[in-house]
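The values are calculated or read from the model by the stated rules, or taken from the named source; none is laboratory data. Every value quoted in this text rests on a predicted model; they were computed, and no experiment measured them. Because the Cβ atoms are built from the backbone with ideal geometry, glycine has one as well, and the counts that use them run over all protein chains shown. Each accessible area value is taken on the protein alone, full model and side chains, heavy atoms only, with ligands, DNA and RNA left out. Shrake-Rupley method; radii C 1.70, N 1.55, O 1.52, S 1.80 Å.
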2 protein chains.
Amino acid sequence: MIETPYLLFLGDAPDQLAAKVAQGIKDWRPENSVGQFRLDGCGADVGIQDMTLAEGLAAGAKTLVIGVANRGGVISDKWKAVLVEALEMGYDIASGLHNLLRDEAELVAAAQKHGKNLFDVRIPTVDYPIASGEKRRGKRCLAVGTDCSVGKMYTAMALEKAMVARGMKATFRATGQTGILITGDGVPLDAVIADFMAGSIEYLTPANDADHWDLIEGQGSLHHMSYSGVSLALIHGGQPDALILCHEPTRSHMRGLPGRDLPTLAQARDTALMMARDANPDVKMIGISVNTQHLSDAEATEYLSKVEAEMGLPAVDPFRQGADRLAAALEAV
Amino acid sequence: MIETPYLLFLGDAPDQLAAKVAQGIKDWRPENSVGQFRLDGCGADVGIQDMTLAEGLAAGAKTLVIGVANRGGVISDKWKAVLVEALEMGYDIASGLHNLLRDEAELVAAAQKHGKNLFDVRIPTVDYPIASGEKRRGKRCLAVGTDCSVGKMYTAMALEKAMVARGMKATFRATGQTGILITGDGVPLDAVIADFMAGSIEYLTPANDADHWDLIEGQGSLHHMSYSGVSLALIHGGQPDALILCHEPTRSHMRGLPGRDLPTLAQARDTALMMARDANPDVKMIGISVNTQHLSDAEATEYLSKVEAEMGLPAVDPFRQGADRLAAALEAV
């Protein structure tokens with residue numbers, strides 16, 4: 001686990017979009033950050049206190065989190081100087097970059113010299129077991145999708161917030177790099193060895209209180225030819241009691257697969273339920289989460305009503321409307 | 001690719017079962033071996049010429065293949081002495097053991113000194129791509145299973161033999177360690193990183209002649225909670241034109257998952273076809289391959305007739321009967 005609170009490193013991010021990891025931490029775990037640390041020319045601002053490394057330490061920060069994508073996929077000399085300084089001052093560093101911190105000799109040397117940790121959350125650090133398929137106490141909800149990148153992480157995060165507000169016991173379980181940095185823990189599922197995928201999800205969602213819900217971040221789609229195996233491992237490792245189907249209605253084809261149509265909502269529901277019943281015969285789909293960012297207010301309202309009528313399930317956009325209706329549906333399970 | 005022909009190292013195998021990799025090579029690629037090399041006390045014999053390392057070399061062997069499981073999961077000093085000698089004499093060494101050759105300093109040093117290769121087929125050596133989902137020329141048949149270890153490799157191997165005998169163009173494509181050692185090439189799918197599983201199968205089964213069949217070794221089962229993700233990656237990466245359903249009728253539960261029932265043949269067929277249609281809407285299931293080793297002749301005959309009537313597809317045990325009826329069904333596709 002990565003130690004909190006964080007100081008969020010925004011570096012020389014060219015724009016706000018490049019800082020989406022930092023934005024996610026600020027949006028979903030504001031208590032995890034003491035401030036943001038920006039270099040000259042930084043074009044991003046996540047709207048929290050600007051701090052130097054020294055000010056961050058004084059405010060209690062334990063870990064400098066790289067909250068920004070690096071330009072050109074290279075850790076620049078400018079960044080390296082800052083990161084070495086942070087290690088010298090007593091920070092751990094956490095990163096979800098494709099280029100690993102551990103591959104940078106200067107950072108490794110500084111971390112060793114000062115007894116500090118480098119967390120590359122893109123790479124698993126646990127030897128996960130083979131899935132046992134054994135039933136575990138507690139409840140689990142998994143976000144599944146008609147496609148990749150349709151809002152599965154956002155949905156699970158929003159659901160956690162809405163459930164906690166209702167006084168329910170709920171924990172978001174991260175399965176991707178951004179989610180891991182936001183919460184400080186999780187499984188980087190796309191980098192797990194094939195044989196251990198389902199086992200890693202069992203590990204992530206252990207036995208818990210009978211009335212506790214794990215909200216498992218979904219990945220990919222059972223219908224996405226590049227990543228479907230990962231999606232099925234989530235279903236069989238997670239043994240969900242409830243599924244939420246996530247969808248983005250303006251896609252003309254599966255992400256990255258021109259010419260491949262998305263499944264219909266009914267197809268995606270049927271496939272997910274059929275596969276999930278092997279793990280838990282009582283599994284139910286309890287709602288539809290729609291990412292309506294490319295629709296107008298009026299279009300979104302109309303689309304959600306239509307889906308709700310067709311599917312006979314609550315259909316909401318958690319960004320526009322919050323996830324309370326989905327939380328209520330889980331409470332009724 | 002591992003260079004053939006091989007000398008098969010049986011070491012001090014306690015019994016015949018321990019030498020199943022060597023037996024597989026002898027059964028399916030007899031032309032790939034010049035002989036077997038056994039140490040004192042070896043209890044296995046795959047029925048080919050016994051040779052020393054020197055005799056193997058003289059007979060043209062290029063690679064010493066470890067055709068036997070090692071006792072206690074340790075590469076013993078006795079083995080190591082033999083393997084170092086083989087490298088000194090000019091052999092490459094190939095192994096599917098869990099303990100990697102590359103983790104043995106003496107072997108690495110000897111291989112470097114003599115310019116020879118150590119092949120650990122348990123570990124991928126290729127950077128596989130993300131699956132593109134693009135249609136490829138040529139045809140592909142995938143063996144799917146109701147469970148793990150029901151005869152999928154055997155079925156694909158027997159099918160290759162029967163198809164070649166019919167004059168069809170057919171290539172077995174290995175996805176497991178034993179198959180890779182038998183053929184000298186393939187993808188160790190269970191050790192591939194999650195994101196690249198489907199892509200590794202696209203890589204394994206590239207565009208080919210329009211009338212050529214790749215016979216893809218299946219892994220796991222869509223219904224096996226530990227490994228289903230691997231099975232789905234095979235379906236979406238392989239884009240099969242034809243499926244063969246493999247089954248072992250005496251299992252009381254899914255392998256390694258006490259209390260979890262096997263799917264029925266009809267369920268397994270429906271699930272596999274449903275998932276495979278995303279990749280290829282024209283996919284067909286063309287036959288059932290039943291491992292009847294735990295049935296008497298009479299029971300096997302009765303069971304196969306019953307399955308054939310129920311499923312409306314050829315049902316054969318390729319070990320007892322050969323795979324010609326399955327080859328004929330593929331020829332008719």
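Within the stretch B:279-319, being in contact with a Leu (Cβ under 9 Å, 6 or more places away or on another chain) and of a type in the set (D, E, K, R) holds for B:Lys284, B:Glu302, B:Glu310, B:Asp317.
Looking only at residues of the stretch B:144-161 that are touching a Gly at 6+ places or on another chain (Cβ under 7 Å) and crowded, with 22+ Cβ neighbours inside 10 Å, we find that the one that is farthest from the other protein chains (Cβ to nearest Cβ) is B:Ala158.
Among residues of the stretch A:34-56 that are over 14 Å from A:Val21 (Cβ atoms), those with a beta-carbon under 6 Å from a residue that is open to solvent by less than 60 Å² (accessible area, probe 1.4 Å) and of a type in the set (D, E, K, R) at least six positions away or on a different chain give the pairs A:Leu39/A:Asp12; A:Gly41/A:Asp12; A:Cys42/A:Asp12.
Here is a yes/no grid of residues against (1) farther than 29 Å from B:Arg173 by Cα; (2) open to solvent by 30 Å² or more (accessible area, probe 1.4 Å):
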| site | (1), (2) |
| --- | --- |
| B:Gly73 | no, yes |
| B:Ser76 | yes, yes |
| B:Leu83 | no, no |
| B:Gly90 | no, no |
| B:Ala94 | no, no |
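Here are A:His236, A:His294, A:His224: which of them is part of a loop (DSSP other than H, G, I, E, B), open to solvent by less than 30 Å² (accessible area, probe 1.4 Å) and at pLDDT 95 or above?
Just one listed residue meets the conditions, A:His224.
Checked against the criterion of being modelled with pLDDT under 95 and farther than 24 Å from B:Ile123 by Cβ, the candidates A:Thr183, A:Thr175, A:Thr205 yield just one match: A:Thr183.
Within the stretch A:39-50, the set of residues being under 21 Å from A:Gly184 (Cα atoms) and either surrounded by 20 or more Cβ atoms within 10 Å (Cβ to Cβ) or at pLDDT below 95 (or both) comprises A:Val46 only. For the stretch B:99-141, a residue qualifies if it is of a type in the set (A, V, I, L, M, F, W, C) and open to solvent by 40 Å² or more (accessible area, probe 1.4 Å), and the qualifying residues are B:Ala105, B:Val108, B:Ala109, B:Leu118, B:Phe119, B:Ile123, B:Val126, B:Ile130. Within the stretch A:255-284, residues that are open to solvent by 70 Å² or more (accessible area, probe 1.4 Å) reach partners that are among the charged types (D, E, K, R) with beta carbons closer than 6 Å, at six or more positions or on different chains, in the pairs A:Arg255/A:Asp147. Taking the criterion of being within 24 Å of B:Thr4 (Cβ to Cβ) and more than 7 Å from chain A (Cβ to nearest Cβ), the residues of the stretch B:185-202 that qualify are B:Asp185, B:Gly186, B:Val187, B:Pro188, B:Ser200, B:Ile201.
Taken together, the residues in the stretch A:196-212 that are in contact (Cβ under 8 Å) with a residue 60 or more places away in the chain and open to solvent by 10 Å² or more (accessible area, probe 1.4 Å) amount to 10. If you filter the stretch A:210-252 down to residues that are among the aliphatic types (A, V, I, L, M) and more than 9 Å from chain B (Cβ to nearest Cβ), you find that the one that is farthest from the chain's Cα centre (by Cα) is A:Ala210. Would you check which residues across the stretch A:3-34 are hydrophobic (A, V, I, L, M, F, W, C), surrounded by fewer than 20 Cβ atoms within 10 Å (Cβ to Cβ) and in a loop (DSSP other than H, G, I, E, B) and list them? None - no residue of the stretch A:3-34 is hydrophobic (A, V, I, L, M, F, W, C), surrounded by fewer than 20 Cβ atoms within 10 Å (Cβ to Cβ) and in a loop (DSSP other than H, G, I, E, B), so the list stays empty. Restricting attention to the stretch A:314-333 and to residues that are touching a strand residue (DSSP E or B) at 6+ places or on another chain (Cβ under 7 Å) and without any contact (Cβ under 8 Å) to a residue 40 or more places away in the chain, the residue that is surrounded by the fewest Cβ atoms within 10 Å (Cβ to Cβ) turns out to be A:Arg325.
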